[in-house]
Number of protein chains: 2
Amino acid sequence: MQFTSEQRLDDGLLEREFTLGEIPGTLWTSGSAPAPLILMAHNNGLSKGEPRLVARARQTASYGYAVATIDAAGCGGRRSAADDQVRAELRRAMQAGEPVDEIFESLIGPLVENAVPEWRTTLDALLELPEIGGPVGYSGWTAVGIHLAVTEPRIAAAGLFAGGYVPRAQREEARQVTVPLLFLLQWDDEGNPRQRALDLFDAFGTKEKTMHANMGGHVGTPWFEVEEGDRFFGRHLK
Amino acid sequence: MQFTSEQRLDDGLLEREFTLGEIPGTLWTSGSAPAPLILMAHNNGLSKGEPRLVARARQTASYGYAVATIDAAGCGGRRSAADDQVRAELRRAMQAGEPVDEIFESLIGPLVENAVPEWRTTLDALLELPEIGGPVGYSGWTAVGIHLAVTEPRIAAAGLFAGGYVPRAQREEARQVTVPLLFLLQWDDEGNPRQRALDLFDAFGTKEKTMHANMGGHVGTPWFEVEEGDRFFGRHLK
């Protein structure tokens, strides 16, 4: 893991860019004492530099966690032109109200499968840093969170968002998830059918799961949910 | 309003019993400065002295609210023998898996209609006390909360619990509720069908509503939800 740049933010947080082989990442830390770690992934391969993710990461780090994100294979700056064509077709089909399951599956299924090993490699490297002590939580993209929670025993708790469309493999894996979950649902998420998200929440194998449902569309999650996330992770990681 | 007894609890809270005409009540306060008020009602006419309600009230008062509860007409120590017969029949029918809507309606419908005016009378008296400043929140029994929120403009926010069975009149009033809501759902509440609770959450007219769903049965709400309730009321009453 090589740090390529760093900046000290106004509130004292240290924000560092790193690379790990082909994987670019960002790490936020608030001090030098070993802190619990939260891996934060943006839904469906959006960039690690996307402002909403960065705002959430900084706020979360200010609560005393180390927070890390990466552009995994096929995500953010590593998106392929072929995938972007499928994305455009997915968007068109959704807007036209056509069935999208097959397009979604062909795009997101492999994306999740390829992303999770890179998250695990990143986790190995992060846990060698003296300022990161664990335990480890996960926050964000539901499908990656499910596959990571099932394959990576170091994940101790997960906050998941927007579980309406999730690849088949992860819908099936859901009942194997046994770590505590906070599941965020936007009641009128235009890209995530409500009933599917409710069914997914029901399917998780863990006994300690909580759903927070709020009004509005996909990007309308109230800001106070970042603070609620802190208390969820606080119960399980601190 | 006459205070009939008081005790100082270990954590400094003052717990006072009062009567207001026929209405017996309990008031918890944590100081002498004017505090926001939370009216706390137990579901379906259970006693104001029920340990789970008392524990919740004390914890909530320790966050800096004045908290009040009453045995409204037909509730707690004011239950009629006739109502108790209907309650027994309701319980039997539920356990036998028979339809219970009509029995429920005949018992709970009038209970809610008769209880709410007494809550409003109590509110008038409480707001005259120097240690209570408002604004006013409501916490607990869903049907009473709906009817109170619709008829009493001083209610500024409401935390509602167990909305599976709610009288017809309140299901219809739900879309007139416009105050911020925190709606607690127990995912496997044996006495409250999940889909009906989800439908009720959907029906509320307010734009600022959040549902917290947790695993387990009717009495299994995790204790951390009391703290979450504090933060909800903190956003709207403090």
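Annotations
- The accessible area of A:Ser80, taken with all protein chains in place and a 1.4 Å probe, comes to roughly 50 Å².
- Each chain gives up part of its surface: A and B jointly bury about 1700 Å² of accessible area, both sides summed, for a 1.4 Å probe.
- Against the main long axis of the alpha-carbon atoms of chain B, helix B:142-151 sits at an angle near 60°.
- Orientation-averaged projected area, Cα convex hull of chain B (nm²): 11.9
- Cα gyration tensor shape for the stretch A:169-214, rounded if a/c is under 1.5, else prolate or oblate: oblate
- Residue list for the stretch B:173-191, given a label point 7 angstrom along the Cα-to-Cβ vector of B:Glu227 and an amide N cut-off under 11 Å: none
- Sorted largest first by accessible area at a 1.4 angstrom probe radius, with every protein chain in place, the residues B:Val86, A:Val166 fall in the order B:Val86, A:Val166.
- For chain A, adding -39500 (n - 2.57) for each run of n ≥ 4 DSSP H residues and dividing by the number of residues yields -12500 deg cm²/dmol at 222 nm.
- Positive minus negative residues near A:Val136 (Lys, Arg vs Asp, Glu; Cβ under 12 Å): 0
- Charged neighbours of A:Gly205, selected by a Cβ distance under 12 Å, balance to -1 (K, R count +1; D, E count -1).
- Distances, shortest first, from the label point of B:Gln176 to those at the same position in the other copies read 5.3 nm; the point lies 7 Å along Cα to C-beta.
- Calculated from the alpha-carbon coordinates, the protein assembly as shown shows an Rg and a Dmax of 25.0, 77 Å respectively.
- Computed over chain B: relative contact order in percent, which uses C-alpha pairs under 8 Å that are six or more apart: 16
- Longest segment of chain B lacking GluC sites (Glu not before Pro) that sit in a DSSP loop with at most 14 other Cβ atoms within 10 Å: B:23-127
- Degrees, to the nearest 10: B:51-62 long Cα axis against longest axis of chain B: 40
- Teacher prompt: A:Val86 distances to equivalent labels in other copies, 7 Å Cα→Cβ, nm: 6.0
- 0 to 90° range, to nearest 10: angle between helix B:194-203 axis and chain B longest Cα axis: 60
- Alpha-carbon centroids, the stretch B:1-75 and the stretch A:50-129: separation in whole Å: 50
- Pairs over the 27 Å Cα-Cα cut-off, from the set A:Lys207/B:Lys207; A:Lys48/A:Lys238; B:Lys48/B:Lys238; A:Lys209/A:Lys238; A:Lys48/B:Lys238; B:Lys207/B:Lys238: A:Lys207/B:Lys207; A:Lys48/B:Lys238.
- The relative contact order of the stretch B:115-238, computed from alpha carbon pairs under 8 Å that lie at least 6 residues apart in sequence, is 23 percent.
- Going by accessible surface with a 1.4 Å probe and the largest first, B:Met40, A:Met215 read A:Met215, B:Met40.
- In the assembly of identical copies, B:Gly205 has its label point, taken 7 Å from Cα in the direction of the beta carbon, separated from the corresponding points by 4.7 nm (ascending, one decimal).
- Formal net charge of residues neighbouring A:Leu237 (Cβ-Cβ distance under 13 Å; K, R +1; D, E -1): +3
- Mean separation of Cα contacts under 8 Å (6+ apart) over length of the stretch B:3-42, as relative contact order %: 28
- Loop-located chymotrypsin sites (Phe, Trp or Tyr not before Pro) in the stretch B:186-238 (DSSP state not H, G, I, E or B) with no more than 13 neighbouring Cβ atoms inside 10 Å: B:Trp223.
- Computed from the C-beta positions of A:Arg52 and B:Glu128, the FRET efficiency with R₀ = 41 Å rounds to 0.30.
- Heavy-atom SASA rank of A:Asp202, A:Asp230 (probe 1.4 Å, accessible area, largest first): A:Asp202, A:Asp230
- Axis-nearest residue in chain B [Cβ, rotation onto A], distance in whole Å: B:His212, 3
The values are calculated or read from the model by the stated rules, or taken from the named source; none is laboratory data. This is a predicted model, so every value here is computed, not measured. Using ideal geometry, Cβ is built from the backbone for each residue, glycine included, and neighbour counts are taken over all protein chains shown. Ligands, DNA and RNA are excluded from the accessible area calculation, which covers all protein heavy atoms including side chains. Shrake-Rupley method; radii C 1.70, N 1.55, O 1.52, S 1.80 Å.
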